[in-house]
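Participant: This is the structure I have questions about; it appears just below.
The values are calculated or read from the model by the stated rules, or taken from the named source; none is laboratory data. Computed from a predicted structure; not experimentally measured. Backbone-built Cβ (ideal geometry, glycine too); neighbour counts: all protein chains shown. Each accessible area value is taken on the protein alone, full model and side chains, heavy atoms only, with ligands, DNA and RNA left out. Shrake-Rupley method; radii C 1.70, N 1.55, O 1.52, S 1.80 Å.
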Amino acid sequence: MTYPNFRILLVDNDSSDGTVDAVRAEFPNVEIVETGANLGYTGGNNVGMKHCLEAGADYVFLLNNDTIIHPEALTRLVDHAEATPSAGVIGPKQYFYSDRLRIAGCGSVIDWDGATIYHRRRGEMDEAQEIHRASEPYPVDYMDGCAVLVRRDYLDKVGLLDERFHLGGYEDAEWSRRGLAAGYQEWNVPNSYVWHKVSAKAGVGSPLTTYYMTRNQLLFFWTHSSGLARWTRCIRILGRTVRTIGAWTLKPKYRRAGFFRKRDANILAIRDFFFGRFGPMGPDVALACFGPPKSSAEEDRAEDQRHIGDLQSSGQSARSARLVERANAAHS
């Protein structure tokens, strides 16, 4: 990056794939904080922001592990922050990593009447030259949290992310409402940009995403609405969720395990909202979303079958037959 004064802090949310050792070996100057547990998007980022504040940082740049950043991005965000003291959270224009000129978002909108949120210009294509064209920053309802610059006094006055949301959406929208109440705005800076590998961890439309999006949507509109609007917005959300549950239950084209899991995730999301169960999903939700954990024997058998398939596809039939015999004997 071209910005001259920054330090990199990696928050490891209890990974088990050797990330910490690999980063320490390859990038010895990167500071690492290990949480010791999976605290979700909100908890992990809060640990990182607390660490940065204690170190005396003037700004904190939250950046997901599934993003690629343009070298000038941070410089342009800081320039706007320095020129606009009321800008509490500032974010870049986002493109899809898999389609480099397709826009993932230019700031986000809270649709209060529809009780939902959406990303500005999502799915539109930019001309190649538009990426390099200077564009004026503008205020937005909120910035998607995959890449945001946050000023220190915003964190001091507004506070950290609400850990009830854990992950899955609406935690960044909720943050913006508290910021607005404290006199801050959120801004999009279009000539600063990142490429986002959207939902690289959770998976687009996965049962996990379905659970957190439904539960957090209800939590957000209940928390930041009042009077009759609080009830009408949540009833709107419940109505369309129940219709979706019905479709995933009754329509033949949805009679597959993946849709049944998402259906159950929606049902449990509604239950947990009404019972006030927030933060990370409980064991019963995890079971509904992912199924029972495989035994070591089942994992071994699955690995054997994958290996057999690799051998057969390469024409090694005799060796495959011997492996099948060994596998069957080992698991009988």
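Participant: Among the residues of the range 186-193, is any among the acidic types (Asp, Glu), assigned to a strand (DSSP E or B) and in contact with a Ser or Thr (Cβ under 8 Å, 6 or more places away or on another chain)?
Facilitator: Looking for residues that are among the acidic types (Asp, Glu), assigned to a strand (DSSP E or B) and in contact with a Ser or Thr (Cβ under 8 Å, 6 or more places away or on another chain), one finds at least one in the range 186-193, hence yes.
Participant: I'd like to know if the range 85-95 contains one or more residues that are surrounded by fewer than 19 Cβ atoms within 10 Å (Cβ to Cβ), more than 25 Å from Met281 (Cα to Cα) and either modelled with pLDDT of 95 or more or over 21 Å from the mean Cα position of the chain (by Cα) (or both).
Facilitator: The answer is yes, given that some residue of the range 85-95 is surrounded by fewer than 19 Cβ atoms within 10 Å (Cβ to Cβ), more than 25 Å from Met281 (Cα to Cα) and either modelled with pLDDT of 95 or more or over 21 Å from the mean Cα position of the chain (by Cα) (or both).
Participant: Which residues, taken from the range 234-257, are in contact (Cβ under 8 Å) with a residue 60 or more places away in the chain and out of contact with any helix residue (DSSP H, G or I) (no Cβ under 6 Å at 6 or more places or on another chain)?
Facilitator: Answer for the range 234-257, where residues must be in contact (Cβ under 8 Å) with a residue 60 or more places away in the chain and out of contact with any helix residue (DSSP H, G or I) (no Cβ under 6 Å at 6 or more places or on another chain): just Arg236.
Participant: Also: Go through the range 15-56 residue by residue and tally those that are assigned to a helix (DSSP H, G or I), touching a residue at least 60 places away in the same chain (Cβ under 8 Å) and surrounded by 19 or more Cβ atoms within 10 Å (Cβ to Cβ).
Facilitator: 7
Participant: What's the number of the only condition in (1) of a type in the set (D, E, K, R); (2) touching a residue at least 12 places away in the same chain (Cβ under 8 Å); (3) more than 22 Å from Trp187 (Cα to Cα); (4) not in a loop (DSSP other than H, G, I, E, B) that Arg7 fails to meet?
Facilitator: Condition not satisfied by Arg7: (4).
Participant: Look at the range 58-89 and say how many of its residues are in a helix (DSSP H, G or I), within 16 Å of Tyr184 (Cβ to Cβ) and not acidic (Asp, Glu).
Facilitator: 4
Participant: Related question: Does Ile110 satisfy the criteria of being of a type in the set (A, V, I, L, M), in a strand (DSSP E or B) and modelled with pLDDT of 95 or more?
Facilitator: Yes, satisfied.
Participant: To continue, here is another question. Give me the pairs, please: first residue somewhere in the range 222-233 and closer than 16 Å to Tyr170 by Cα, second residue anywhere and open to solvent by less than 50 Å² (accessible area, probe 1.4 Å) and among the hydroxyl-bearing types (Ser, Thr, Tyr), beta-carbon distance under 7 Å, and either six or more positions apart or on two chains.
Facilitator: Correct list of pairs: Arg233/Ser225.
Participant: When you scan the range 159-178, do you find a residue that is free of Cβ contacts under 8 Å to residues at least 24 places away in the same chain and over 16 Å from Gly43 (Cβ atoms), even just one?
Facilitator: Yes, because at least one residue in the range 159-178 is free of Cβ contacts under 8 Å to residues at least 24 places away in the same chain and over 16 Å from Gly43 (Cβ atoms).
Participant: Here are some conditions: (1) more than 20 Å from the chain's Cα centre (by Cα); (2) at pLDDT 95 or above. Ser176 meets all but one. Which one does it not meet?
Facilitator: Answer for Ser176: the failing condition is (1).
Let's see how each residue does on (1) assigned to a loop (DSSP other than H, G, I, E, B); (2) open to solvent by less than 10 Å² (accessible area, probe 1.4 Å); (3) closer than 26 Å to Arg277 by Cβ; (4) of a type outside the set (D, E, K, R):
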{"position": "Arg100", "(1), (2), (3), (4)": "no, no, no, no"}
{"position": "Leu160", "(1), (2), (3), (4)": "yes, no, yes, yes"}
{"position": "Phe165", "(1), (2), (3), (4)": "yes, yes, yes, yes"}
{"position": "Gly183", "(1), (2), (3), (4)": "yes, no, no, yes"}
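Participant: Only one of (1) surrounded by fewer than 17 Cβ atoms within 10 Å (Cβ to Cβ); (2) touching a Pro at 6+ places or on another chain (Cβ under 8 Å) is not met by Gly114, so which one is it?
Facilitator: Tallying (1) surrounded by fewer than 17 Cβ atoms within 10 Å (Cβ to Cβ); (2) touching a Pro at 6+ places or on another chain (Cβ under 8 Å), Gly114 fails exactly one: (2).
Participant: Look through Leu219, Leu228, Leu208 and report the one residue that is over 14 Å from Thr116 (Cα atoms) and under 23 Å from the mean Cα position of the chain (by Cα).
Facilitator: One residue alone meets the criteria, Leu208.
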